[in-house]
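Read the structure below first, then the notes.
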Amino acid sequence: MNWIISIIILLLLGGLAYWLLVTTEGVFLGRRVVVWLYDLTAHKYDDIKEFEPEWEQFFIAHPVMHKLDSVRAPLILDVATGTGRVPFILLEEPLFHGRVVGIDPSRKMLKLAAEKLRPFSHRAPLIQQTANALPFPDNSFDAVTCIEALEFFPSDIDALREMVRVLRPGGLLFVTRRRGWEGKAFLARYRPVKEFEATLTNFGLEDVNTQPWQFAYDQVFARKR
Ligand SMILES: C[S@@+](CC[C@H](N)C(=O)[O-])C[C@H]1O[C@@H](n2cnc3c(N)ncnc32)[C@H](O)[C@@H]1O
């Protein structure tokens, strides 16, 4: 009988560890654990994600360029840039003439981003930094992007407030929101779509538009009033 109880306890502990470290990527254990996990797994990140260039162009580069088509050389901030996904797909576009500043707290993710962005390094500065206190003046960027990352921050609200602060009036915010059961696995941190949109509106954004994207993510676009 005792061995059955031991097996049940082991399974429960294994499930808890999986949820804490894999499903929610350390967010319930604190910012340092999240960053440590990204440092640890950075070398596998692009292989795991298997980014398809055509899909990246269609769902990331083209919507951003289209929504910024009135600005000849936009200045963009990519929060949680990771291995440089957003700067890379934009800077590869011959018709994109802007610059993309990437910030991320993971040194290893940034190292890979720097390698990927070497041909564009003069247009893609990278800064090791978290999202909760952005080292930029108010109203500095034409667009702020944050893809597949908000749910891993200690406070998505503080980070969104900072993103809006550094965005210029009329500027574009493009973030993703975790949805479905993968979103709900974040328990009280999960924000239903209406609550997420209301948060953005309360921060002074308008034209808030949510669209389903991948299996576990929505894309959310908005403009600063
Ligand atoms: C799933 S990756 C997304 C990277 C990239 N945006 C992409 O779409 O490939 C999440 C990123 O968030 C970063 N991150 C974790 N905590 C952060 C924080 N507090 N502030 C800013 N970035 C953070 C991680 O280092 C990691 O690079």
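The values are calculated or read from the model by the stated rules, or taken from the named source; none is laboratory data. Worth saying up front: this structure is predicted, and the values here are computed from it rather than measured. We place every Cβ from the backbone using ideal geometry, glycine too, and count neighbours over all the protein chains shown. To get the accessible areas, we keep the full protein, side chains included, count just its heavy atoms, and leave off ligands, DNA and RNA. Shrake-Rupley method; radii C 1.70, N 1.55, O 1.52, S 1.80 Å.
When the Cα atoms of segment 76-166 are enclosed in a convex hull and the volume is divided per residue, what value in Å³ results? List each step's numbers first, then the result.
Numbers: hull volume 7.6 nm³, N = 91.
With only Cα atoms used, segment 76-166 gives 84 Å³ per residue.
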Original post:
For the Cα atoms of the chain, what angle does the longest principal axis make with the long axis of helix 2-18, in degrees from 0 to 90, nearest 10?
Top reply: 10
Original post:
What is the P(r) of the chain, as percent of Cα-Cα pairs per 10 Å bin from 0?
Top reply: 8, 32, 37, 16, 4, 2, 1, 0
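Assuming a strict under-14 Å limit between Cα atoms, what lysine pair count do you get for the chain once near-sequence pairs (fewer than 8 apart, same chain) are dropped? Don't skip to the answer; put the middle values down first.
Values: K44/K108; K44/K111; K67/K224; K108/K116.
Pairs that pass both the separation and distance tests number 4.
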Original post:
Within the accessible area of segment 48-224, what % is carbon and sulfur when the probe is 1.4 Å and the other protein chains stay in place?
Top reply: 55
Subject >> Where GluC sites (Glu not before Pro) fall in DSSP loop in segment 2-111, at most 12 other Cβ within 10 Å >> reply: E50
Original post:
Under the classification rounded if a/c is under 1.5, otherwise prolate if a/b is larger than b/c and oblate if not, where does segment 107-225 fall, given a ≥ b ≥ c as square roots of the Cα gyration tensor eigenvalues?
Top reply: oblate
Subject >> Cα-based helix-to-principal-axis angle, 156-166 vs the chain, degrees rounded to 10 >> reply: 10
**OP:** Measure nothing fancy, just the Cα-based angle from helix 31-49's long axis to the longest principal axis of the chain, in degrees from 0 to 90, nearest 10.
**Re:** 80
**OP:** Enter the accessible area per residue of segment 78-225 (Å², integer; probe 1.4 Å; all protein chains in place).
**Re:** 43
**OP:** Please report the relative contact order for the chain, taking Cα pairs under 8 Å with a sequence separation of at least 6, and give it as a percent rounded to a whole number.
**Re:** 16
Original post:
Can you give the accessible area of D158 in Å² (nearest 10), computed on protein heavy atoms with a 1.4 Å probe?
Top reply: 70
Original post:
Under the Kirkwood approximation applied to all pairs of distinct alpha-carbon atoms, what is the hydrodynamic radius of segment 112-157 in Å?
Top reply: 12.9
